[in-house]
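The values are calculated or read from the model by the stated rules, or taken from the named source; none is laboratory data. Because the structure is predicted, anything quoted here is derived from the model rather than measured. Reconstructed Cβ throughout: ideal geometry from the backbone, glycine too, with neighbour counts over all protein chains shown.
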Amino acid sequence: KYIVRKLYFEYKMSQKEIANRLGITQAAVSQYIKGIRGVKEIELSEETQKIIDEICKGIINVDNTSQTRYLFCKICNIVLNSNCGNNIR
């Protein structure tokens, strides 16, 4: 949700382009943007915000896919090890 919204609002990517880059449907992108899909708003740590920024840069610069995958894994681990990850397990 946060990555999709950042790509859409800050990087001005189209919904279709975001969907293609992330391998999801345009409808899913639309729902993330509208807040219909994804977790409710949570407070993100500074570390998590920095990782989201790096992921977005990696998505825009398509040539950095292995680093972007690594960052996705890192952010998943942060969420799973935090209080907000308790409902995901």
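Looking across the range 27-39 at every residue that is exposed (fewer than 13 other Cβ atoms within 10 Å of the Cβ) and closer than 15 Å to TYR2 by Cα, the one that is modelled with the highest pLDDT is identified as LYS34. With the condition kept exactly as written, say whether any residue in the range 60-76 is at pLDDT 75 or above, surrounded by 12 or more Cβ atoms within 10 Å (Cβ to Cβ) and part of a loop (DSSP other than H, G, I, E, B). Looking through the range 60-76, none of the residues is at pLDDT 75 or above, surrounded by 12 or more Cβ atoms within 10 Å (Cβ to Cβ) and part of a loop (DSSP other than H, G, I, E, B). Among the residues of this structure, ILE51 counts as one that is surrounded by 15 or more Cβ atoms within 10 Å (Cβ to Cβ), within 17 Å of CYS73 (Cβ to Cβ) and either hydrophobic (A, V, I, L, M, F, W, C) or modelled with pLDDT of 90 or more (or both).
Only one of the listed residues (ILE24, ILE42) is in contact with a helix residue (DSSP H, G or I) (Cβ under 9 Å, 6 or more places away or on another chain), surrounded by fewer than 17 Cβ atoms within 10 Å (Cβ to Cβ), assigned to a loop (DSSP other than H, G, I, E, B) and at pLDDT 80 or above. That residue is ILE24. Pairs linking a residue in the range 4-25 that is in contact (Cβ under 8 Å) with a residue 12 or more places away in the chain to a residue that is surrounded by 15 or more Cβ atoms within 10 Å (Cβ to Cβ) and in a loop (DSSP other than H, G, I, E, B), with Cβ atoms under 7 Å and 6 or more positions apart or on different chains, are LEU7/MET13. Among the residues of the range 8-21, those identified as assigned to a helix (DSSP H, G or I) and not hydroxyl-bearing (Ser, Thr, Tyr) are PHE9, GLN15, LYS16, GLU17, ILE18, ALA19, ASN20, ARG21.
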